[in-house]
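Below is one structure; the comments refer to it alone.
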Amino acid sequence: MSHPEAAPQPFAIFEELEGDGPLVGILIGSESDRELLETAVDELNQRGISNELRVLSAHRDPRGVAEYASTAALRGVRVIIAAAGMAAALPGVVAAYTELPVIGVPLSSSKSVMGGLDALLSIVQMPPGVPVACVSVNGAKNAAILAAKILAQGGSYQGPPLPPTAMA
Ligand code: RP5
């Protein structure tokens with residue numbers, strides 16, 4: 001027997017799926033990261049590449065990260081830039097939920113270990129099977145340029161993702 005009032009609510013982001021999403025999604029793990037990503041936004045804007053910037057933390061809002069990453073391609077996003085500091089799990093978690101290319105940007109702050117080495121290793125040392133491209137510490141501009149280069153390739157390869165056994 002069904003109880004409509006007890007039905008699970010759909011993810012809020014599904015309501016946005018009919019709109020045209022931007023080509024590049026930029027995620028930051030904290031509002032405190034925003035300033036370091038401004039060069040990425042500027043670079044994309046100068047190139048006329050549509051983009052959006054959202055604050056989504058892998059440890060404070062994992063469900064929000066999952067919602068965003070798993071629906072981004074449906075909204076038209078083609079590359080995701082994910083930036084975080086310290087134990088920077090955000091790019092890897094995003095990559096776990098999408099087939100879109102993910103560019104990680106390790107960030108440094110006063111809380112960082114060795115000027116951002118903590119975030120750099122967290123992002124670049126993804127285990128085999130779930131790749132994240134990684135630019136330099138605070139390398140937001142290069143992340144945007146790399147996103148532009150990926151978009152410029154035009155998607156000549158349309159094959160399905162490799163099965164899990166082939167990625168081990
Ligand atoms: C990470 O922890 C964020 O990406 C940020 O770089 C760092 C510190 O975050 P706040 O404590 O300033 O929110 O998750």
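At a glance:
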{"read-out": "Long-range neighbours under 6 Å by Cβ, at least six apart or interchain, first residue farther than 23 Å from Gln153 by Cα within the stretch 57-83, second modelled with pLDDT under 95 and not aliphatic (A, V, I, L, M)", "value": "Glu67/Phe11"}
{"read-out": "Residues located in the stretch 105-156, provided they are closer than 12 Å to Ala40 by Cα and not aliphatic (A, V, I, L, M)", "value": "Asn138, Gly139, Lys141, Asn142"}
{"read-out": "Residues satisfying the stated conditions in the stretch 46-64, i.e. of a type in the set (S, T, N, Q) and either within 16 Å of the ligand (Cβ to nearest atom) or in contact with a helix residue (DSSP H, G or I) (Cβ under 7 Å, 6 or more places away or on another chain) (or both)", "value": "Asn51, Ser57"}
{"read-out": "Strands (runs of 3 or more DSSP E) fully within the stretch 21-116 counting 1 or more residues that are open to solvent by 60 Å² or more (accessible area, probe 1.4 Å) and touching a Leu at 6+ places or on another chain (Cβ under 8 Å)", "value": "51-55"}
{"read-out": "Residue match in the stretch 144-157 (condition: under 18 Å from Leu37 (Cβ atoms), within 16 Å of the ligand (Cβ to nearest atom), of a type in the set (Gly, Ala, Ser) and touching a strand residue (DSSP E or B) at 6+ places or on another chain (Cβ under 6 Å))", "value": "no"}
{"read-out": "Tally, over the stretch 117-129, of residues that are among the β-branched types (Val, Ile, Thr) and either open to solvent by less than 50 Å² (accessible area, probe 1.4 Å) or within 15 Å of the ligand (Cβ to nearest atom) (or both)", "value": "1"}
{"read-out": "Search result, residues across the stretch 106-126 that are closer than 25 Å to Gln153 by Cβ and in contact with a Cys (Cβ under 8 Å, 6 or more places away or on another chain)", "value": "Pro106, Ile123, Val124"}
{"read-out": "Options Glu67, Glu16, Glu5, Glu43: the member that is acidic (Asp, Glu), modelled with pLDDT under 95 and in contact with a helix residue (DSSP H, G or I) (Cβ under 7 Å, 6 or more places away or on another chain)", "value": "Glu16"}
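Rundown of residues vs (1) within 13 Å of the ligand (Cβ to nearest atom); (2) more than 16 Å from Ser57 (Cα to Cα); (3) touching a helix residue (DSSP H, G or I) at 6+ places or on another chain (Cβ under 7 Å); (4) of a type in the set (Val, Ile, Thr), yes/no style:
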{"position": "Thr71", "(1), (2), (3), (4)": "no, yes, yes, yes"}
{"position": "Arg75", "(1), (2), (3), (4)": "no, yes, yes, no"}
{"position": "Met86", "(1), (2), (3), (4)": "yes, no, yes, no"}
{"position": "Val102", "(1), (2), (3), (4)": "no, no, yes, yes"}
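The values are calculated or read from the model by the stated rules, or taken from the named source; none is laboratory data. Source: prediction; values computed, not measured. Note: ideal-geometry Cβ built from the backbone for every residue, glycine included; neighbour counts use all protein chains shown. Surface accessibility is based on the protein's heavy atoms, side chains included, excluding ligands, DNA and RNA. Shrake-Rupley method; radii C 1.70, N 1.55, O 1.52, S 1.80 Å.
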